[in-house]
Amino acid sequence: MGDPAQWGHLPHQPRGGTVLIEERSELTEDLPAELERLVGQQISSVLVSETGDLAINIGHAQLSVAAGEDYEAWEMGGPHGEIILCKPGGDLAVWGPRT
């Protein structure tokens, strides 16, 4: 993943939010134990590198996703309809909030 010196906070930082998982009845697969233990933990930061790599610090863990050259690597949504998407190659697309 990119050089940590090139990481920046997203424009809309979480404000002590919790990890939101869809209703259990809507999940098609069980969560791996590594992710299950993060449900309900506080998000302390969300960082994106200049190359589109994503790091989410939750509790005492960090989830990381590297940008991909040939695919959309990750997408995040906010409470008011904001969407941030990592496009192929690491560029970001940002939409919202809904009006």
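The values are calculated or read from the model by the stated rules, or taken from the named source; none is laboratory data. Every value quoted in this text rests on a predicted model; they were computed, and no experiment measured them. Cβ: placed from backbone, ideal geometry, glycine included. Neighbour counts: every protein chain shown. For the accessible areas, the whole protein counts, side chains as well, though only heavy atoms, and no ligand, DNA or RNA atoms are used. Shrake-Rupley method; radii C 1.70, N 1.55, O 1.52, S 1.80 Å.
The table below gives the values:
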read-out: Where a residue in region 55-81 is at positive phi and its partner, wherever it lies, is assigned to a strand (DSSP E or B) and at pLDDT below 95, with Cβ under 7 Å and at least six apart; value: G59/Q42
read-out: Residues located in region 83-99, provided they are in contact (Cβ under 8 Å) with a residue 24 or more places away in the chain and out of contact with any strand residue (DSSP E or B) (no Cβ under 9 Å at 6 or more places or on another chain); value: G89, D91
read-out: Any hit, region 40-57, residues being open to solvent by 60 Å² or more (accessible area, probe 1.4 Å), at pLDDT 80 or above and touching a Lys or Arg at 6+ places or on another chain (Cβ under 8 Å); value: no
read-out: Members of region 66-99 found to be at pLDDT 85 or above, open to solvent by 60 Å² or more (accessible area, probe 1.4 Å) and touching a Gly at 6+ places or on another chain (Cβ under 7 Å), listed by number; value: E69, P88, D91, L92
read-out: Checking E22 against (1) assigned to a loop (DSSP other than H, G, I, E, B); (2) at pLDDT 90 or above, the condition it does not meet; value: (2)
